[in-house]
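Encoded as structure tokens, the structure appears first; notes follow it.
The values are calculated or read from the model by the stated rules, or taken from the named source; none is laboratory data. The structure displayed is predicted, hence computed values, not measured ones. Every residue, glycine as well, gets a Cβ built from its backbone with ideal geometry; the counts of neighbours run over all protein chains shown.
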Amino acid sequence: MIETITTRTLDHSDVEPVLELLRAALGEPPLLKRTPELFAWKHFDNPFGESIALIAEAGGSLVGLRSFMRWELRTPDGDTLRCVRAVDTATHPDFHRRGIFRRLTEEALEQAASDGVDLVFNTPNDKSGSGYLSRGWRPVGKVGVMMRPKLGRFSVPANPDRFVELVTGGTPSVPPMDADRKPLGLRTPRTESYLHWRYASHPTARYFSYEADDSVAVVRPNVRNGRGEVLIADLLGRRPVRAVRAAVRAARSSYVAAWFSKGSPERAAAIRGGMLPIPGVAPLTLMARPLRDLPVDVFSMSSWDLALGDLELL
């Protein structure tokens, strides 16, 4: 007998069974574990609002998850687009080919449209990309890598609480962190509440800052394939090249990596700081699905103004 599948909105009390579903469907990430705190950070504590999250049930058990994380993007003209990001999707292995992904996605899209959401975007992996294409998503372009090799052994930077202090209290040498620059394309607003949530309050990843004059580099140490790396997640301030150089000098790792949209001052600063785009290396594909007519061509990479910290959520 085939069990009936029902759907409903995710409740805060569903977190533990949802994590069990994600582990059954996707396994456990090798470095940063799925925890209730990380799930709540993404879907409940987000300054852009609680996620649109639906679950499928059969026989009293969770068998599917579809979550759209709230986001905002500002345009060069000063408009704000209400967005969601398609993240944390899973179908239990015993319930494949039952239409759960399609059903949950369609219901979530309907809810997003009724909530006034303008745009859905995400960076799916190769395995799930085809499923998005069949549901109306279109590729925007590839997200590459900028890198500068380093010598020396990997170590965590000093002052682990530096960025928390910077965001919550500010320092005399750094301008207010909500004094964001004008967007050159679709850009996440760097408000104080966003920066505190995104970097200082992340429950599993550790972010640090390096200051130089009136600019700041936000970095995350990591180990990839046995090699230490330092990722520049964001650059803030009026002279970002100085922050890049400070981060590169301070990093004790095999290399420093980053990514910023073409034409942005942060990308120019990274290049001036000795970082170069790596030809042929593009680990992520940005995809989008507008839910209404928009004043910008979201399917052109030149319409986006992003940094690595906008894309990696961990």
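With the requirement that a residue be charged (D, E, K, R) and closer than 12 Å to ALA90 by Cβ, what does the range 7-63 give you? Can you show your working first?
Looking only at the range 7-63, we keep the residues that are charged (D, E, K, R), and these are 8, 11, 14, 16, 20, 23, 28, 33-34, 37, 42, 45, 50, 57.
GLU20, ARG23, ARG34 - these are the residues of the range 7-63 that are charged (D, E, K, R) and closer than 12 Å to ALA90 by Cβ.
So how many residues does the range 61-94 have that are farther than 16 Å from LEU19 by Cα and either surrounded by fewer than 17 Cβ atoms within 10 Å (Cβ to Cβ) or of a type in the set (Val, Ile, Thr) (or both)?
Residues that pass the stated criteria total 8.
Tally the residues that are surrounded by 14 or more Cβ atoms within 10 Å (Cβ to Cβ) and farther than 13 Å from ASP14 by Cα, restricting the search to the range 38-49.
Matching residues across the range 38-49 total 7.
Every residue in the range 16-29 that is touching a helix residue (DSSP H, G or I) at 6+ places or on another chain (Cβ under 9 Å) and surrounded by 17 or more Cβ atoms within 10 Å (Cβ to Cβ), please. Break it down stepwise before answering.
Quick first cut of the range 16-29, residues touching a helix residue (DSSP H, G or I) at 6+ places or on another chain (Cβ under 9 Å) only: 16, 18-19, 22, 24-25, 28.
The answer is VAL18, LEU19, LEU22, ALA25.
Of ARG224, ARG220, ARG252, which residue is over 20 Å from the mean Cα position of the chain (by Cα) and not β-branched (Val, Ile, Thr)? Full working, then the answer.
Details: ARG224 fails: over 20 Å from the mean Cα position of the chain (by Cα); ARG220 fails: over 20 Å from the mean Cα position of the chain (by Cα).
ARG252 is the lone residue from the list that is over 20 Å from the mean Cα position of the chain (by Cα) and not β-branched (Val, Ile, Thr).
Consider TRP304 carefully, then state whether it is crowded, with 18+ Cβ neighbours inside 10 Å, assigned by TED's automatic domain parsing to the domain that holds ARG34, in contact (Cβ under 8 Å) with a residue 60 or more places away in the chain and not polar (S, T, N, Q).
Working: crowded, with 18+ Cβ neighbours inside 10 Å: yes; assigned by TED's automatic domain parsing to the domain that holds ARG34: yes; in contact (Cβ under 8 Å) with a residue 60 or more places away in the chain: yes; not polar (S, T, N, Q): yes.
Considered against the rule, which asks whether it is crowded, with 18+ Cβ neighbours inside 10 Å, assigned by TED's automatic domain parsing to the domain that holds ARG34, in contact (Cβ under 8 Å) with a residue 60 or more places away in the chain and not polar (S, T, N, Q), TRP304 comes out as yes.
Can you name every residue in the range 285-310 that is more than 14 Å from the chain's Cα centre (by Cα) and in a loop (DSSP other than H, G, I, E, B)?
Answer for the range 285-310, where residues must be more than 14 Å from the chain's Cα centre (by Cα) and in a loop (DSSP other than H, G, I, E, B): LEU291, ARG292, ASP293, LEU294, PRO295, VAL296, ASP297, VAL298, PHE299, SER300.
Please give the helices (runs of 4 or more DSSP H) falling wholly within the range 1-115 in which 2 or more residues are more than 28 Å from ARG224 (Cβ to Cβ).
Numbers: elements: 15-26, 36-43, 100-114.
Fully inside the range 1-115 and qualifying: 15-26, 100-114.
Can you name the residue in the range 143-175 that is surrounded by 13 or more Cβ atoms within 10 Å (Cβ to Cβ) and of a type in the set (Lys, Arg) and is also modelled with the highest pLDDT among such residues?
ARG148
Here are some conditions: (1) touching a helix residue (DSSP H, G or I) at 6+ places or on another chain (Cβ under 9 Å); (2) within 24 Å of ILE278 (Cα to Cα). GLY228 meets all but one. Which one does it not meet?
GLY228 satisfies all of (1) touching a helix residue (DSSP H, G or I) at 6+ places or on another chain (Cβ under 9 Å); (2) within 24 Å of ILE278 (Cα to Cα) except (1).
Mind counting the residues in the range 195-215 that are surrounded by 18 or more Cβ atoms within 10 Å (Cβ to Cβ) and either of a type in the set (Asp, Glu) or under 19 Å from ARG238 (Cβ atoms) (or both)?
6
List every residue pair whose Cβ atoms sit under 9 Å apart, with the two residues 6 or more apart in sequence or on different chains, where the first one lies in the range 108-126 and is within 16 Å of SER67 (Cβ to Cβ) and touching a residue at least 40 places away in the same chain (Cβ under 8 Å) and the second, anywhere, is loosely packed, with under 14 Cβ neighbours inside 10 Å and charged (D, E, K, R).
Once the first residue is within 16 Å of SER67 (Cβ to Cβ) and touching a residue at least 40 places away in the same chain (Cβ under 8 Å) and sits in the range 108-126, its partners that are loosely packed, with under 14 Cβ neighbours inside 10 Å and charged (D, E, K, R) give VAL117/ARG292.
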